[in-house]
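Asker: After the structure tokens below, expect a handful of questions from me.
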């Protein structure tokens, strides 16, 4: 294809208001993110109503900034890509409404994008050689999916969490040991000071699907350990708790993922999502993939957390496939990967 394709992308599924301009799927011309972390930290987690109101305040600003940073105008865009699910319904509606309004006013085609597809596609931005098929582990506050990426926009979920997502478990354990929100980065930092083998926390296996995850029991084991220490008057070494908990999560994620890569006969593996920025998780996968002869791909931390560049990349490949969304596109908070 000779003509360059420019995508204006919008992401507002949770607590980041983001817009980006992406060219030909892999070149990020701008990536603007307005984070609400400081605001939600006051409440110990994301408050949906507050998130929605903040998105309304920021959405036009980040879109204008993304176009300005890219040195482009709206009429230079070939499509508008927007996250329409899954996520917080009120937050999603802000981005979807903005994208539909721009599409209606300008006549530029609208492309609805699945949030998880965006996370997977973040790997294409900096890894120019990465092409399907491969296996991708998506780990975030709301999702723990093990996905076979058959082709661009074609996915099969082979494993998923049965209860808490990995990031959700990080947040709950962080709160329990007094670290606050957001839990993932804080546990990652504290764990570096602790002994990962100090406390033998469990590694759960799901009998009915060898690729599924379960972190609820691990979370409960941490809480029981903390309660036990309190009842006995024993000192809690928070760094050891963080390190031992984190290692239990990482061991399960690595074992299940590498098992899937080998069983499905691939030699490429990628990670995505907010938890994918965890330094210990990345190091564990680097080591294991090197040992197994598997090529390991991961986005930079800025593309692991919610951002619009990844939505622009996913939107580009959907656009090439001929995907177009009508102006009745709605937010779908529980949208399944592969559904449209």
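The values are calculated or read from the model by the stated rules, or taken from the named source; none is laboratory data. For clarity, every value in this text was computed on a predicted model and none was experimentally measured. A quick note on method: Cβ atoms are made from the backbone with ideal geometry, for glycine too, and the neighbour counts reach across all protein chains shown.
Asker: Right, residue 62: assigned to a strand (DSSP E or B), modelled with pLDDT of 95 or more and either crowded, with 17+ Cβ neighbours inside 10 Å or not assigned by TED's automatic domain parsing to the domain that holds residue 153 (or both) or not? Reasoning before the result, please.
Answerer: Working: assigned to a strand (DSSP E or B): no; modelled with pLDDT of 95 or more: yes; either crowded, with 17+ Cβ neighbours inside 10 Å or not assigned by TED's automatic domain parsing to the domain that holds residue 153 (or both): yes.
Criteria not met by residue 62.
Asker: Just checking, does the stretch 301-308 include any residue being touching a strand residue (DSSP E or B) at 6+ places or on another chain (Cβ under 7 Å), part of a loop (DSSP other than H, G, I, E, B) and at pLDDT 95 or above?
Answerer: Yes - at least one qualifying residue is present in the stretch 301-308.
Asker: Could you say whether any residue in the stretch 202-214 is at pLDDT below 95 and buried (at least 21 other Cβ atoms within 10 Å of the Cβ)?
Answerer: Yes, the stretch 202-214 contains a residue that is at pLDDT below 95 and buried (at least 21 other Cβ atoms within 10 Å of the Cβ).
Asker: Could you check how many residues of the stretch 215-240 are touching a strand residue (DSSP E or B) at 6+ places or on another chain (Cβ under 7 Å) and surrounded by fewer than 19 Cβ atoms within 10 Å (Cβ to Cβ)? Break it down into steps so the answer makes sense when it comes.
Answerer: To start, the set of residues in the stretch 215-240 that are touching a strand residue (DSSP E or B) at 6+ places or on another chain (Cβ under 7 Å) comprises 215.
The next check asks that each one be surrounded by fewer than 19 Cβ atoms within 10 Å (Cβ to Cβ); those that pass are none.
The number of residues fulfilling the criteria is 0.
Asker: Sort through 276, 243 and tell me the only one that's surrounded by 18 or more Cβ atoms within 10 Å (Cβ to Cβ) and more than 28 Å from residue 129 (Cα to Cα).
Answerer: 243
Asker: Somewhere in the stretch 96-108, is a residue surrounded by fewer than 20 Cβ atoms within 10 Å (Cβ to Cβ) and at positive phi?
Answerer: Scanning the stretch 96-108, I find at least one residue that is surrounded by fewer than 20 Cβ atoms within 10 Å (Cβ to Cβ) and at positive phi, so the answer is yes.
Asker: Which one of the conditions (1) within 27 Å of the chain's Cα centre (by Cα); (2) not in a loop (DSSP other than H, G, I, E, B) does residue 75 fail to meet, given that it meets all the rest?
Answerer: (1) is the only condition that residue 75 fails.
Asker: If you take the residues of the stretch 257-273 that are at pLDDT 95 or above and in contact with a helix residue (DSSP H, G or I) (Cβ under 6 Å, 6 or more places away or on another chain), which of them is surrounded by the most Cβ atoms within 10 Å (Cβ to Cβ)?
Answerer: My answer is 272.
Asker: Something else now. Can you confirm whether the stretch 206-213 contains a residue that is assigned to a helix (DSSP H, G or I) and under 21 Å from residue 141 (Cα atoms)?
Answerer: Of all residues in the stretch 206-213, those assigned to a helix (DSSP H, G or I) come to none.
The answer is no, given that none of the residues of the stretch 206-213 is assigned to a helix (DSSP H, G or I) and under 21 Å from residue 141 (Cα atoms).
Asker: Only residues that are over 19 Å from residue 155 (Cβ atoms) and either crowded, with 18+ Cβ neighbours inside 10 Å or free of Cβ contacts under 8 Å to residues at least 24 places away in the same chain (or both): list them for the stretch 307-328, please. Talk me through it step by step, then tell me what you get.
Answerer: If we filter the stretch 307-328 for residues that are over 19 Å from residue 155 (Cβ atoms), which is where we start, we get 307-309, 324, 326-328.
Correct list: 307, 308, 309, 328.
Asker: For the structure I just gave you, tell me whether residue 190 is in contact (Cβ under 8 Å) with a residue 40 or more places away in the chain, more than 24 Å from residue 259 (Cβ to Cβ) and surrounded by 19 or more Cβ atoms within 10 Å (Cβ to Cβ).
Answerer: Details: in contact (Cβ under 8 Å) with a residue 40 or more places away in the chain: yes; more than 24 Å from residue 259 (Cβ to Cβ): yes; surrounded by 19 or more Cβ atoms within 10 Å (Cβ to Cβ): yes.
Yes; evaluated as a whole, the condition is true for this residue.
Asker: Somewhere in the stretch 140-159, is a residue more than 19 Å from the chain's Cα centre (by Cα), within 15 Å of residue 250 (Cα to Cα), surrounded by 15 or more Cβ atoms within 10 Å (Cβ to Cβ) and outside the structural domain of residue 46 (by TED's automatic domain parsing)?
Answerer: Checking the stretch 140-159: not a single residue is more than 19 Å from the chain's Cα centre (by Cα), within 15 Å of residue 250 (Cα to Cα), surrounded by 15 or more Cβ atoms within 10 Å (Cβ to Cβ) and outside the structural domain of residue 46 (by TED's automatic domain parsing).
Asker: Another one. How many residues are without any contact (Cβ under 8 Å) to a residue 24 or more places away in the chain and not in a loop (DSSP other than H, G, I, E, B) when one looks only at the stretch 223-254? First the steps, then the outcome.
Answerer: Of the stretch 223-254, the ones without any contact (Cβ under 8 Å) to a residue 24 or more places away in the chain are 224, 227-235.
Filter once more, keeping what is not in a loop (DSSP other than H, G, I, E, B): 224, 227-232.
Residues that pass the stated criteria total 7.
Asker: Oh, and also: Which of the residues that make up the stretch 279-295 are in contact with a strand residue (DSSP E or B) (Cβ under 8 Å, 6 or more places away or on another chain) and surrounded by 17 or more Cβ atoms within 10 Å (Cβ to Cβ)? Outline the logic, then answer.
Answerer: Our first condition is that a residue be in contact with a strand residue (DSSP E or B) (Cβ under 8 Å, 6 or more places away or on another chain); within the stretch 279-295, this holds for 281-282, 285-286, 289-290, 294-295.
Listed by number, the residues that qualify are 281, 282, 285, 289, 294.
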